[in-house]
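A.B. asks: Dropping a structure here in structure tokens format, bear with me for questions.
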Amino acid sequence: MSVALTSSPAPTSTRQEPLRVMVVDDSVVIRGLISRWIGSEPDMVVAASLRTGLDAVNQIERVNPDVAVLDIEMPDLDGISALPLLLAKKRNLIIIMASTLTRRNAEISFRALSLGASDYIPKPESTREASAADTFHHDLIQKIRSLGAKVRRRPPATSSPALDRAREPLTRPMPSPVAQPPLMRRAFSIHAPRVLLIGSSTGGPQALMALVTELGPVIDRFPVLITQHMPPTFTTILAEHLARSSHRPAHEAVDGEIVKAGRIYLAPGGRHMRVVRHGADAAIALDDGPAVNFCKPAVDPLFTSAIDVWQGGVLALVLTGMGSDGMRGGKEIVAAGGSVIAQDEASSVVWGMPGAAANAGICAAVLPLNQIAPKLVRVFAGDRS
């Protein structure tokens, strides 16, 4: 789960219109709370505060929001039913699903991502608990700001929304940004990779499920360890989805288990996943310590711990996500003789984590999502170009 204790800086330009946010929740307390938070941000404004999904569908054209925070359980029309109707009326709408941490809501949130939602956020069971409310507050504002920044760069739809959405892949890649100076690339390691490590956050579940469908030749011969910023229950569901998508064993990692080729290990929500030496083998070590990079699980602990086990035989992949988690660990992997690949900006939902790695000059490749799996297959087969 990503826990942002400090929000991203607000835009400094006074000419840019504030993000218009539509809040849809049947709880008057939650609606009021979120509306107050948004209203206190200089670069956001509450476009509407609505009780049901039906209200949102009926009013979206009048309200014209950039971002919608959409509850799952509501009367008249629930969030999952309202989602496609909202996107049919405004295909570029950013939708953040909000739900409490139950298995049913986690399943619905995953379904919402496949239907075009941009992200999800877990709501605290009670807003009276200060730490839970603070986490929800800061995480929500960061998601709105980061995802909203990208929607500003999208061109307006010029053809049928229904046809355009039918053509969109799961990850909803964005148009290429304005050309920037070329990023520094490093050569791939001369060492043969012995493990694949993956770090991801916002947009990660969609990217991971698309990626593992093509990684069979790598998974069969090497272990794959993944840290996705995600709360408990959600990681349980994600592991099940990864197993179905890859047709390979995938599960939440268990403390002390031996790491083996042919399996996908996912950091469980709320615990850091590291690896340690266990004789001639590697073993999982779960850590209930403090958040790292405001996240728990975090990517850096996995990346840095792998160096002691596999030295220069580490290949790390940084996928879409907010923040910079994975960049410091990636630097250490490269310094130890390993390699790092990052997802490119155009195919990322948020180019925070992969952008940090790419801009640090530690990547051997920065690739669109659909080119990453083929490249990994070639690298693990011996291609070092």
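A.B. asks: Out of all the residues in the range 53-62, is one or more in contact with a strand residue (DSSP E or B) (Cβ under 7 Å, 6 or more places away or on another chain), within 30 Å of Glu17 (Cα to Cα), crowded, with 23+ Cβ neighbours inside 10 Å and of a type in the set (S, T, N, Q)?
C.D. replies: No, every residue in the range 53-62 fails to be in contact with a strand residue (DSSP E or B) (Cβ under 7 Å, 6 or more places away or on another chain), within 30 Å of Glu17 (Cα to Cα), crowded, with 23+ Cβ neighbours inside 10 Å and of a type in the set (S, T, N, Q).
A.B. asks: Out of the range 196-223, which residues are of a type in the set (A, V, I, L, M, F, W, C) and part of a loop (DSSP other than H, G, I, E, B)?
C.D. replies: Selection gives Leu215, Phe222.
A.B. asks: Continuing with the same structure: I'd like the residue in the range 115-132 that is surrounded by fewer than 13 Cβ atoms within 10 Å (Cβ to Cβ) and part of a helix (DSSP H, G or I) and, out of all such residues, is modelled with the highest pLDDT.
C.D. replies: Step one: of the range 115-132, the residues surrounded by fewer than 13 Cβ atoms within 10 Å (Cβ to Cβ) are 125-126, 128-131.
Okay, now just the ones that are also part of a helix (DSSP H, G or I), so 130-131.
Numbers: Ala130: 62, Ser131: 70.
Selected residue: Ser131.
A.B. asks: Applying the selection to the range 282-309, what residues are within 26 Å of Arg384 (Cα to Cα) and either assigned to a strand (DSSP E or B) or over 21 Å from the mean Cα position of the chain (by Cα) (or both)?
C.D. replies: Ala282, Ser305, Ala306, Ile307, Asp308, Val309, listed by residue number.
A.B. asks: Against the definition (modelled with pLDDT of 50 or more and surrounded by 13 or more Cβ atoms within 10 Å (Cβ to Cβ)), how does Ala179 come out, yes or no?
C.D. replies: Answer is no for this residue.
A.B. asks: Could you list all residues from the range 335-344 that are crowded, with 22+ Cβ neighbours inside 10 Å and either touching a Ser or Thr at 6+ places or on another chain (Cβ under 8 Å) or of a type in the set (Lys, Arg) (or both)?
C.D. replies: Matches in the range 335-344: Gly338, Ser339, Gln343.
A.B. asks: Sticking with this structure for a sec: Looking only at the range 247-281, how many residues end up being within 19 Å of the chain's Cα centre (by Cα), on the phi < 0 side of the Ramachandran plot, assigned to a loop (DSSP other than H, G, I, E, B) and in contact (Cβ under 8 Å) with a residue 40 or more places away in the chain?
C.D. replies: Number satisfying all stated conditions: 2.
A.B. asks: With respect to the numbered conditions (1) at pLDDT 95 or above; (2) surrounded by fewer than 18 Cβ atoms within 10 Å (Cβ to Cβ), which one is the sole condition not fulfilled by Ser385?
C.D. replies: Among (1) at pLDDT 95 or above; (2) surrounded by fewer than 18 Cβ atoms within 10 Å (Cβ to Cβ), the lone unmet condition for Ser385 is (1).
The values are calculated or read from the model by the stated rules, or taken from the named source; none is laboratory data. This is a predicted model, so every value here is computed, not measured. Cβ: placed from backbone, ideal geometry, glycine included. Neighbour counts: every protein chain shown.
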